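Below is one structure, written out as structure tokens; the observations come after it.
The values are calculated or read from the model by the stated rules, or taken from the named source; none is laboratory data. Here the structure is a predicted model, which means the values were calculated and not measured. Here the Cβ is made from the backbone with ideal geometry for all residues, glycine too, and neighbour counts use every protein chain on show.
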Amino acid sequence: MLARPQSTEMVERSECITGVAVDRTLAVEWGPNIRRAVAGTGCSLRCRDMGSRKQLELGEVRACRCYRKRLLFLITCIFVPLGQIVSRQIEAAPSALYGYSWNLTGSLAGIFIFLGACRLMLPPTVWLSVVLAGFALLQPDRLTRYLMAGLIVPAALLLHDPATKDHFSVWSSYQQIEFTRFRMPDGEMVAANLLVNHVGYFYIVNLSPDFLARHPHAVAGAPEGDPFNLPFRFGKAAPSVLIMGAGAGNDAAAALRNGSRSVDAVEIDPEIKALGN
């Protein structure tokens, strides 16, 4: 058994104290996504194959750290020049208080615009087009403004996400949702997979008696032992059910299948609710 390096223990202990140890959890849970993400950043996922899951997790943590540092650097490159422009405009104002008042007004306006974009569930094509248009307005001469505005078209093409009837992405007020529908050979839907921000969220499954009668081999195991049906084997008959975080309706459908007297399902994300309908 390999001894754990003391330096690694000290780093992890210090990360727990500073509150940045979340990258270890993300690396373990999002390992495959991290491998894909770091491929284009120049970060190398170095991990010696020593037959130990701990070694693999450590390699993913290192890759996540590298990816995070580069992302932080890119964010800094964007916002430092903006901060310099804002500070020069405040200094050019008749008084510092007057300039700072406009700065505060702009910040509040940005918050309301952000809330409006979330409420309208706009895709990133709209966000970045507005941002690039704003950058264009800040340029000192007409040629640079046109060049900056010209980036809107390639950015929109780059962010375009082709959609089909069985695979598409939507942006809710909270997150990006990627939906993939799976069908039986006869074309009937058997399940659907939902990814939230490119991470697996849940499956929508069809466990209705009519569907299972038509496709007895669609689901492995007895339907009574399914996690959605299992709780009703131990509860009282015809219960009143409250479901918090109902998702696309797997639990609500199970409650109805098992003869619940009433079902109240609560889901905060309207797009997930719509996909369930």
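The listed residues are Phe114, Phe135, and the only one of them that is more than 30 Å from Gly276 (Cα to Cα) and in a helix (DSSP H, G or I) turns out to be Phe135.
Checked against the criterion of being part of a helix (DSSP H, G or I), surrounded by 13 or more Cβ atoms within 10 Å (Cβ to Cβ) and of a type in the set (Val, Ile, Thr), the candidates Thr144, Thr105 yield just one match: Thr144. Against the test of being at pLDDT below 85, within 28 Å of Pro140 (Cβ to Cβ) and out of contact with any Lys or Arg (no Cβ under 6 Å at 6 or more places or on another chain), the options Leu58, Leu82, Leu104 yield a single qualifying residue, Leu82.
Across the range 157-179, which residue is surrounded by the fewest Cβ atoms within 10 Å (Cβ to Cβ) among those that are of a type in the set (A, V, I, L, M, F, W, C) and either in a loop (DSSP other than H, G, I, E, B) or touching a strand residue (DSSP E or B) at 6+ places or on another chain (Cβ under 8 Å) (or both)? This residue is Ala163. Scanning the range 258-277 for residues that are on the phi < 0 side of the Ramachandran plot and surrounded by fewer than 16 Cβ atoms within 10 Å (Cβ to Cβ) yields Arg261, Ser262, Asp264, Val266, Ile268, Pro270, Ala274, Asn277. Name the residue that is modelled with the lowest pLDDT, counting only residues in the range 232-251 that are out of contact with any helix residue (DSSP H, G or I) (no Cβ under 8 Å at 6 or more places or on another chain) and outside any strand (DSSP E or B). Residue satisfying both the conditions and the ranking: Gly235.
Looking across Leu132, Leu137, one residue alone is of a type outside the set (S, T, N, Q), surrounded by 13 or more Cβ atoms within 10 Å (Cβ to Cβ) and either modelled with pLDDT of 85 or more or in contact with a Cys (Cβ under 9 Å, 6 or more places away or on another chain) (or both). It is Leu132.
Within the range 93-149, being over 21 Å from the mean Cα position of the chain (by Cα) and in contact (Cβ under 8 Å) with a residue 24 or more places away in the chain holds for one residue alone: Leu138.
For the range 229-238, the criterion of being assigned by TED's automatic domain parsing to the domain that holds Gly200, within 25 Å of the chain's Cα centre (by Cα) and surrounded by 11 or more Cβ atoms within 10 Å (Cβ to Cβ) is satisfied by no residue at all.
Hey, does the range 163-177 have a residue that's in contact with a helix residue (DSSP H, G or I) (Cβ under 9 Å, 6 or more places away or on another chain) and under 30 Å from His217 (Cα atoms)? Checked against the condition, which is being in contact with a helix residue (DSSP H, G or I) (Cβ under 9 Å, 6 or more places away or on another chain) and under 30 Å from His217 (Cα atoms), the range 163-177 yields at least one hit.
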